[in-house]
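*Asks:* Below are the structure tokens for one structure; questions will follow.
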Amino acid sequence: MKEQIRAKFEAYWDEMMADLAALVAVNSVRGEETTEFPFGKEPARALSIALRQGERMGFAVENVDNYAGTIDLGDAEEMIGVMAHLDIVPAGDGWTDDPFTLTFKNDRIYGRGVVDDKGPVIAALYGMRIIRDLNLPLKKKIRLIVGTNEEQGSGCMKYYAQHRPVPSCGFTPDADYPLIHGEKGNFWTWLSFPAEETPILEISGGNAFNIVPAECVVLLDGSQVSADELKKSIRTEDTEGYEPQFMHDAKGNIKMVVRGHAAHGSTPEKGVNAIVSAAKILCNAFGERAGKMMHFIAESIGRETDGASLGLKVSDDVSGSLSLNLGRIIYSTEQHRLAIDIRYPVKLSLAEMDANYRKMAEAFGLTYEVTEAAEPHYVPKDSPVVQKLLAVYRQVTGDQTADAFTIGGGTYAKALGKNFVAFGPEFPGSEPMNVHDADEHILKELFLDHCVVCTLGMAALAGE
Ligand SMILES: [Zn+2]
């Protein structure tokens, strides 16, 4: 069957690429919100193009108020869903060719959205067409749900779920193979410290909750601190080998620039946190005089990325340990705050997470404000949706050991609830596809592999 499906995709190739080119041509970054266009005009224009393509193939389509759209195959009452999205992140600079012109070079397809996620929209659409061509047996309706706001909050799917029936199970081809069956919960807070007397005038480091800061700049009172002595006191274990730089400003104060290594906030162990390095340097040099906030960072967070010394460490057999990233510091005369990005294991609830965190804050005499918090997303490994899709993946790729995994980050799957998983389109071990970057691309062969897996995945879920 997989050969037959692949041959069909090859036969449709030119038409399919023309349809993909029409979607790639739309710069569907979120725009200005109006009553008619909740995420701006261009995401809605991409949606209307995709729905016309589905209609042209004879499918029943519906535009759900310019938030999302549906394309249906079959008329059974029970349905399975495939959700993919047509909005994109800004093209940015550095492209070799025009990001909005589908380009074929070196057996690869280039253009903004070819992987994330316009290519997968087209793959699913043609997959439905091929399922119909080949008369594959369907007991359930297949609904392709196309969203227009994945990149900025998935408001499209929230709206869909409030206004239309949610399929009994399904997948989103908007992440990685073999299959993501769990996503840790998010718990993002600003943690506030009382003001204190220290030789530190200002500290700034980091830009976001979810990035390990690669730089931290500390301004020290030149009348209290000698740059030479501070330099001499620095130990390799404070900096992990990243040499800090020192400067004097016009007022004679000392500016220390501490460097580290950036990483994504869901995998803080892959980075070197420059704020932690700065705090370690200051605590070693000044002792108690560095103040409670610096000691909190240097000792209670330290190089740990699992919150152990804060009493926050939790782990489970499915998703491993909680992760903690200190993403940003604001230290000035007015404010002393830390941005903390926690991803907690799938078997912990948000209420439990919040209770643990409150206990920690109370123990240290701190206050906090939650800026973003979400329950984990978890579909058990032995559930039919995971089992059926994994079987398809193993059969098509020949990789019999392929297994479902969990991640610290979030995928689109979360948006439609408990029976949705992420399934493709990126294969493990493949070359980087530059998603969200310049020269986003995919090898033609890998795109075809994805088309086949996606089609058989839909057929497996809808077939019984
Ligand atoms: Zn995406």
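The values are calculated or read from the model by the stated rules, or taken from the named source; none is laboratory data. Fair warning: this is a prediction, and the values are worked out from it, not measured in the lab. Ideal geometry is used to build each Cβ from the backbone, glycine not excepted, and the neighbour counts take in all protein chains shown.
*Asks:* I'd like the full set of residues that are in contact with a Leu (Cβ under 8 Å, 6 or more places away or on another chain), farther than 20 Å from Val258 by Cβ and either modelled with pLDDT under 95 or of a type in the set (A, V, I, L, M) (or both), limited to the range 334-347.
*Replies:* Of everything in the range 334-347, just one residue is in contact with a Leu (Cβ under 8 Å, 6 or more places away or on another chain), farther than 20 Å from Val258 by Cβ and either modelled with pLDDT under 95 or of a type in the set (A, V, I, L, M) (or both), namely Ile342.
*Asks:* If Lys41 satisfies all but one of (1) under 20 Å from Pro90 (Cβ atoms); (2) buried (at least 17 other Cβ atoms within 10 Å of the Cβ), what's the number of the condition it fails?
*Replies:* Just one mismatch for Lys41, condition (2).
*Asks:* I'd like to check something: does the range 137-145 contain any residue that is closer than 19 Å to Val379 by Cβ and within 16 Å of the ligand (Cβ to nearest atom)?
*Replies:* yes
*Asks:* Restricting the range 383-416 to residues that are away from the ligand (no atom under 16 Å from the Cβ) and β-branched (Val, Ile, Thr), which is surrounded by the fewest Cβ atoms within 10 Å (Cβ to Cβ)?
*Replies:* Residue satisfying both the conditions and the ranking: Thr401.
*Asks:* Please verify whether Asp117 is touching a residue at least 24 places away in the same chain (Cβ under 8 Å) and surrounded by fewer than 24 Cβ atoms within 10 Å (Cβ to Cβ), treating the condition exactly as stated.
*Replies:* So Asp117 fails the test.
*Asks:* Could I ask something else about it? Take residues that are crowded, with 20+ Cβ neighbours inside 10 Å, among the basic types (Lys, Arg) and touching a Gly at 6+ places or on another chain (Cβ under 9 Å) and tell me which of the helices (runs of 4 or more DSSP H) falling wholly in the range 220-293 contain 1 or more.
*Replies:* Those helices (runs of 4 or more DSSP H) span 274-286.
*Asks:* Something else about it: Can you find a residue in the range 89-97 that is in a loop (DSSP other than H, G, I, E, B), within 16 Å of the ligand (Cβ to nearest atom) and on the phi > 0 side of the Ramachandran plot?
*Replies:* Within the range 89-97, one or more residues are in a loop (DSSP other than H, G, I, E, B), within 16 Å of the ligand (Cβ to nearest atom) and on the phi > 0 side of the Ramachandran plot.
*Asks:* Kindly state which strands (runs of 3 or more DSSP E) lie completely within the range 99-207 and contain at least 1 residues that are more than 22 Å from the chain's Cα centre (by Cα) and not assigned by TED's automatic domain parsing to the domain that holds Ser332.
*Replies:* Hits in the range 99-207: 103-105, 108-110, 141-147.
*Asks:* Give me the pairs: first residue in the range 218-243 and in the same structural domain as Ser332 (by TED's automatic domain parsing), second residue surrounded by 12 or more Cβ atoms within 10 Å (Cβ to Cβ) and part of a loop (DSSP other than H, G, I, E, B), beta-carbon distance under 6 Å, and six or more apart or on different chains, which are they?
*Replies:* Filtered contacts from the range 218-243: Leu219/Asn253; Leu220/Pro199; Asp221/Pro199; Gly222/Asn253; Gln224/Pro199; Val225/Pro199; Tyr242/Gly260.
*Asks:* Now, a different point. Exactly one condition in (1) more than 24 Å from Val386 (Cα to Cα); (2) within 16 Å of the ligand (Cβ to nearest atom); (3) modelled with pLDDT of 95 or more is false for Val61; which is it?
*Replies:* Among (1) more than 24 Å from Val386 (Cα to Cα); (2) within 16 Å of the ligand (Cβ to nearest atom); (3) modelled with pLDDT of 95 or more, Val61 violates only (2).
*Asks:* Mind checking which residues of the range 406-446 are assigned to a helix (DSSP H, G or I) and in contact with a His (Cβ under 7 Å, 6 or more places away or on another chain)?
*Replies:* Within the range 406-446, Tyr412, Ala413, Lys414 qualify.
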